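Right, one structure below, let's go through it.
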Amino acid sequence: MSEGRLLLRSEVDDKFKWKMEDMVESDEAFNLAFKELEGKLNKFSEFAGTLSESGERLLSYLKFDDEFFCEMERLYVYANQKMHEDLSVTTYQKMAGDIQNLMVKAYSADSFARPEILAMDENTLKGYMENDEFKIYKKVLTDLLDEKEHVLSSEIEDILAKAGRVSQAADDIYTMFNGADIDFPEVPDGRGGMIKLSNGRYTSLLESTDREVRKQAFAAMYKTYGALNNTLGAVFNANLSQGSFYADVRKYESSRAMYLHDSHIPESVYDNLINTVHEYMPLMYKYLELRKKALGVDELHMYDLYAPMAGDVDNTYTYDEAKALVKEGLLPMGDEYLSVLEEGYNNGWIDVYENKGKRSGAYSWGCYGVHPYVLLNYNDNLNSVFTLAHEMGHAIHSYYSNNNQEYINAGYKIFVAEVASTCNESLLIHHLLNKTTDKNERIFLINYFLEQFKGTVYRQTMFAEFEKIVHEKADKGESLTAGELNGIYYDLNKVYFGDGIIIDDDIKYEWSRIPHFYNSFYVYQYATGFSAAIALSRKIMNEGESAVKDYKEFLKGGCSKDPIDLLKIAGVDMGSKKPIEEALKVFGELLDEMEKLL
């Protein structure tokens, strides 16, 4: 690795790889299971037209549906996680494509059910829902009744299901481009050598104390994306168009209304976030002034936003050190929670290091009935330590949910997903701040916490506002060019960062390197989740065991309640602006302390 070469997958030690055999024993086992599942597709047609015959018939269908899609999920996750190990391996590209195609066929075969259930006598259906054997399906059937106006005839539902593979095309194209085909140049590594730039290495390079390293990494990153600006604009425009199409056909007022409806999130929650962050924008401008002062520069540039504000602080953490630090930070969560964390550390949940072709970024994923998995691209820095804490928060959430809910109620909504992950981060940063006695280290840690506010509340809200603007335009039938997307994104950077920084022209291309934009109206939940997590972590630290108990009840809830109601169990009301305001007040307090330290 001295010359900056990325290891091949085969060169990575097995102890740093996840154990996919816990999910599916082998590729051969996948192929056998795939054929068996494919053979069950025709059974859906046996239920068509019969669901209203009796409660027993409806229950029989619901159980078969659960069994089929639980197995489908297992195969889908396996194929995609194997593909993410090295996106250039055609075997897993094909495997992922095959299971995606089978999934589309399954949705098509299953498309009769929602219209048929909704055509039943509503009082009869509600009567079934009160029976014990329907207990686990009560929430999903209640949600279905709430969707009645958006569910179409069985014929149209079948067509929409069959179009699923086509509607996924923009995301598939972008994922393959961003993971396998994009080719970055070499850039200075800050030690007199050159290193191959990658999405995984970009953040570390921006954290360099060498400004020229940061500048060249920034320029190389956006020159690469900018060279393909028109192509990426067309791909993203296709993603916007498919969202508008489905919203229109399903009779939603907008794309946003459609995407938020699935989790029963009022659009006012989205607007509250943007409006509240705008009200607290002066705090961001103050942060940038402090950053400029700390770095001792005449002009602050976009590539200066991640540079350390404290000098001579050891920001190197081995993976073993990271695991120990995360465990220490989570001590307030109690022995049971920590035992799950250790199980994840020691039993093949985590894929640790970047290798050639590996999917960038980090995530926690998995399927019901198998332990969760975590993908990392660990970089031996504090950011990677917090990424470990973050993703293990997701994983432990899944562990509690899967072990306390039936399959149909286990898959928690995205809105609450970011709460568990960020609560872990908040507990960790407080632990590190409490144990340090060194002024420089305190500056470094406070800066890191400030970065979380900047990157998670402000930046993700900026992303959310970008999505709001571009989807509204797409909903009106506008076809957005790459130039228009660039302009919208650049102007938002001016609003969110103000006059205290040079908004470098190349930042206009940044929208094209954000994979989450292909998962529409996802990113705002980082900001709302962060705000909820700040409140919950403070409750845990202040109230101890009782708050931990309530928090774990929230983790166990899966999707058995709407997200807003689940968070109320833990003691937070995201229907109000209060959690966002309180989080931003914490940001202000940290800024005041940083100002004194500098």
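The values are calculated or read from the model by the stated rules, or taken from the named source; none is laboratory data. Just so we're clear, the structure is a prediction, and the values are computed from it rather than from any experiment. When we count neighbours, we look across all protein chains shown, and the Cβ atoms used for this are built from the backbone with ideal geometry, even at glycine.
Results, tabulated for the structure shown:
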read-out: The one condition in (1) under 25 Å from ALA464 (Cβ atoms); (2) over 23 Å from the mean Cα position of the chain (by Cα); (3) modelled with pLDDT of 95 or more that LYS251 fails to fulfil; value: (3)
read-out: Failed item, numbered, when TYR368 is tested on (1) of a type in the set (Phe, Trp, Tyr); (2) in a helix (DSSP H, G or I); (3) under 20 Å from GLU391 (Cβ atoms); value: (2)
read-out: Residue list for the stretch 146-196, restricted to those being touching a residue at least 12 places away in the same chain (Cβ under 8 Å), part of a helix (DSSP H, G or I) and farther than 28 Å from SER244 by Cα; value: ALA180
read-out: Among residues of the stretch 405-441, those that are of a type outside the set (Val, Ile, Thr) and under 23 Å from LYS539 (Cα atoms), counted; value: 19
read-out: Subset of the stretch 365-402 [among the polar types (S, T, N, Q), touching a residue at least 40 places away in the same chain (Cβ under 8 Å) and within 28 Å of PHE177 (Cβ to Cβ)]; value: ASN377, ASN379, ASN381, ASN383, SER384
read-out: Selection status of LEU433, out of contact with any Gly (no Cβ under 6 Å at 6 or more places or on another chain) and buried (at least 22 other Cβ atoms within 10 Å of the Cβ); value: no
read-out: Subset of the stretch 292-319 that is under 28 Å from the mean Cα position of the chain (by Cα) and part of a helix (DSSP H, G or I) - its residue that is surrounded by the fewest Cβ atoms within 10 Å (Cβ to Cβ); value: TYR319
read-out: Filter result (over 25 Å from the mean Cα position of the chain (by Cα) and surrounded by fewer than 19 Cβ atoms within 10 Å (Cβ to Cβ)) within the stretch 103-116; value: LYS105, ARG114, PRO115
read-out: Residue satisfying all of: in the stretch 60-75; under 18 Å from MET95 (Cα atoms) and aliphatic (A, V, I, L, M); surrounded by the fewest Cβ atoms within 10 Å (Cβ to Cβ) among these; value: MET72
read-out: Criterion violated by LEU87 - all others in (1) part of a loop (DSSP other than H, G, I, E, B); (2) of a type in the set (A, V, I, L, M, F, W, C); (3) over 29 Å from ARG359 (Cβ atoms) satisfied; value: (3)
read-out: Positions within the stretch 132-180 being among the polar types (S, T, N, Q) and surrounded by 15 or more Cβ atoms within 10 Å (Cβ to Cβ), in sequence order; value: SER154, SER167, GLN168, THR175, ASN178
read-out: Cβ-Cβ under 9 Å pairs, at least 6 apart or on other chains, the stretch 30-56 side free of Cβ contacts under 8 Å to residues at least 12 places away in the same chain, far side of a type in the set (Val, Ile, Thr) and exposed (fewer than 15 other Cβ atoms within 10 Å of the Cβ); value: none
read-out: Positions within the stretch 483-505 being among the aliphatic types (A, V, I, L, M), closer than 21 Å to PHE517 by Cβ and surrounded by 16 or more Cβ atoms within 10 Å (Cβ to Cβ), in sequence order; value: LEU485, ILE488, LEU492, ILE503
read-out: Matching residues, the stretch 253-286, being surrounded by fewer than 22 Cβ atoms within 10 Å (Cβ to Cβ) and outside any helix (DSSP H, G or I); value: GLU253, SER254, ASP262, SER263, HIS264, PRO266, TYR280
read-out: The stretch 181-230, subset closer than 24 Å to TYR490 by Cβ, of a type in the set (Val, Ile, Thr) and in contact with a helix residue (DSSP H, G or I) (Cβ under 8 Å, 6 or more places away or on another chain), residue modelled with the highest pLDDT; value: VAL187
read-out: Single condition ASP505 does not satisfy, out of (1) closer than 22 Å to LEU228 by Cα; (2) touching a residue at least 40 places away in the same chain (Cβ under 8 Å); (3) out of contact with any strand residue (DSSP E or B) (no Cβ under 9 Å at 6 or more places or on another chain); value: (2)
read-out: Any hit, the stretch 4-24, residues being of a type in the set (Lys, Arg) and touching an Asp or Glu at 6+ places or on another chain (Cβ under 6 Å); value: yes
read-out: Residue match in the stretch 523-538 (condition: surrounded by fewer than 19 Cβ atoms within 10 Å (Cβ to Cβ), in contact with a helix residue (DSSP H, G or I) (Cβ under 9 Å, 6 or more places away or on another chain) and assigned to a helix (DSSP H, G or I)); value: yes
read-out: The lone exception for ASN381 - which of (1) closer than 28 Å to GLN93 by Cα; (2) of a type outside the set (A, V, I, L, M); (3) surrounded by fewer than 24 Cβ atoms within 10 Å (Cβ to Cβ) it fails; value: (1)
